[in-house]
1. Tell me which of these Gln87 doesn't satisfy, since it passes every other one: (1) more than 20 Å from Arg498 (Cα to Cα); (2) modelled with pLDDT under 85; (3) open to solvent by 20 Å² or more (accessible area, probe 1.4 Å).
2. Evaluate the following for Leu534: is it under 17 Å from Asp507 (Cα atoms) and under 21 Å from the mean Cα position of the chain (by Cα)?
3. Pick from Leu50, Leu56: which is touching a Cys at 6+ places or on another chain (Cβ under 9 Å), modelled with pLDDT of 70 or more, buried (at least 23 other Cβ atoms within 10 Å of the Cβ) and aliphatic (A, V, I, L, M)?
4. How many residues are aromatic (Phe, Trp, Tyr) and part of a helix (DSSP H, G or I) if we restrict to the stretch 174-207?
5. Only one of (1) over 30 Å from Gln87 (Cα atoms); (2) touching a residue at least 40 places away in the same chain (Cβ under 8 Å); (3) open to solvent by 30 Å² or more (accessible area, probe 1.4 Å); (4) part of a helix (DSSP H, G or I) fails for Gly171. Which number is that?
6. What pairs can you find where one residue is in the stretch 549-560 and within 17 Å of Arg135 (Cβ to Cβ), the other is surrounded by fewer than 18 Cβ atoms within 10 Å (Cβ to Cβ) and at pLDDT below 90, and their Cβ atoms are less than 7 Å apart, with a gap of 6+ or different chains?
7. Of the conditions (1) within 30 Å of Val555 (Cβ to Cβ); (2) in a helix (DSSP H, G or I); (3) modelled with pLDDT under 95, Ala153 satisfies every one except a single condition; which number is it?
8. Considering the stretch 116-150 alone, what residues qualify as being outside any helix (DSSP H, G or I) and open to solvent by 20 Å² or more (accessible area, probe 1.4 Å)?
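The values are calculated or read from the model by the stated rules, or taken from the named source; none is laboratory data. Just so it is clear, the model here is predicted, and its values are computed rather than measured. Here Cβ is always computed from backbone atoms with ideal geometry, including for glycine, and neighbour counts include all displayed protein chains. The accessibility values were calculated without ligands, DNA or RNA, using every heavy atom of the protein model including side chains. Shrake-Rupley method; radii C 1.70, N 1.55, O 1.52, S 1.80 Å.
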Amino acid sequence: MAATRRPGVTVLDRRLRLSLLDRTGSDERFRQLVDQALGAAEAAGGDLPLVLYLSLVRAGLSGSGAGGRGGAAPFTPEGSPAPGDEQEGCLREIRVRWQAHTRRHLFTDPAVRLGALLPSAPLAGNPYSLARLLRVFVGHLAGTDCGRAAALAALIEDPGEAAVAQCALVGAGLAAHDLEREAQAWSRQRHLLTRMPSWSWPGGRDGHDREVLAYLRPDHRARFDTAVGVLPFATGLGHALLAGLPALGEVHRAAFVCHGSAVYAEQRLAGRRPDPEAAAAHDEVRRNPAAAGPVVAAVVSANEQVLGAAELPVGDPVYRLYARITARTTRAHRLGADSLAPEPVPDGFDVRRLPAYAEIVRQNADTPIVAALAARVRAEATAGGDREALLILADAGYADPDPLLDATDAPTGRHPLLDATDPPPGRHPLPDATDAPTGPHPLLGGTGPLPGSPGPVPIEPGPARRRGRAGRSRDVTVERCPELAVLLFRHRPAEAVRRVGAAARADWTVAAAMLEHAAAELLALAGPRIAADLHDAVVRAATCTAPPGVTPPVVDGAHPAGGASDG
């Protein structure tokens, strides 16, 4: 996969488009040239920034989008008239779907479990944007190329995503003992947090601030993600950011306990005196695991077993199995203290939770300890058509990815198992090219809230999806199954490029989600410059299709200014 410094064909730019528009009165000739170039680029394969640029230009010229992100906006700027109660049903449905999803899957980080609450692409209200994509790349690059990561972070205009990006830069400065870089990141983060806009709930129902649903609000979500990002080195800041948000504060506390338990175990294994705060967090759960919940109890139980103690009474049998297998794997690798004989499949194996068992395999994929469990999950998932579980196994190397990728619908990453009666997703055709929260643009074709801007985040209403057997959701989108994008770029990079282009022409947020999920694979394939090249491709497409006389100051939460490629 090529990473070009200047993606796109030079002549197919804004200047040529406006010239042809003046001469012919329409974009038809320019559209034909874009189609020809796009066909050639996809046939050649490999140049992701070029295909993304041409696909977004093509979508912008087609006027395929209608009104930005569909559905009514559940959040409004503080002080503005708030929408009524009609969105309450949508919020309840999101919670129900999240609870169903988390019952089927296994999580080892309370913050990641909370993140599963967000609507998936292409549903209205999903978080995917150019700003978020850049933030994810910053997190990947900060530890190895801090200068390039800082340049990418400087391109993020959205204050929430920018504040979260600074967490990685603070950590990189601390790791490198670079006091100046650390101080700059802290200062920038404080500035971003103070200018972050506040939003209101539907009907002014501030009671949701006390629930996990608070994570859906963009301002609360940014504060939580920042609190988790600085958790290893500034726990007190996290507590302050989440004041008045008790449910998010509890998740932050749980994430701190998991982190503290890991620190405690690592220090014990290294023969060092444990940090008192980490030891206290670990011991609190060790004494009363039932009060901690299955995620935290399993993490602490695994660490206890690594240190040679007995396993804790974790109430959830799947999480109890995870703790046992993880401890065995760690002891075998770190201490040479355990047998590598496969762990027996438990008698109470629950076929409704195959993705959770598959996650246990993935977390311990480099050991024969999970061989029996992997074989059982693969057999049950194949027999029952559980693509989620099979995709996780394929990502771990325990299932053939080719049949799964062959069955995936190319344009959006949705799978044929997805119920055909699902409500139509909200349209998010392309990133916005304006800093205003509303306004017409050919990339959007309407005056609704613009995706990726710091504006309202709509949540699409509609009937609940029908469930498959055992109450399972059939949703196999790139969000609920991010392994789709990862496996595509890992095993079929040329096809992955074509599918990203097709997704971008249909719905930009799906393409952004695919790129986010596959960020690590993209860096491995194309090198660190790919992040800036993708930014340039999106910005150039927005600029090319902007109305005559309009230069977009912000594109999907990111500044157009270049230079990040130079690192």
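1. With (1) more than 20 Å from Arg498 (Cα to Cα); (2) modelled with pLDDT under 85; (3) open to solvent by 20 Å² or more (accessible area, probe 1.4 Å) applied to Gln87, the lone miss is (3).
2. Against the criterion (under 17 Å from Asp507 (Cα atoms) and under 21 Å from the mean Cα position of the chain (by Cα)), Leu534 qualifies.
3. Just one listed residue meets the conditions, Leu56.
4. Adding up the residues that qualify gives 1.
5. In the conditions (1) over 30 Å from Gln87 (Cα atoms); (2) touching a residue at least 40 places away in the same chain (Cβ under 8 Å); (3) open to solvent by 30 Å² or more (accessible area, probe 1.4 Å); (4) part of a helix (DSSP H, G or I), Gly171 misses (3) alone.
6. Val554/Asp435
7. (3)
8. Leu123, Gly143, Thr144, Asp145
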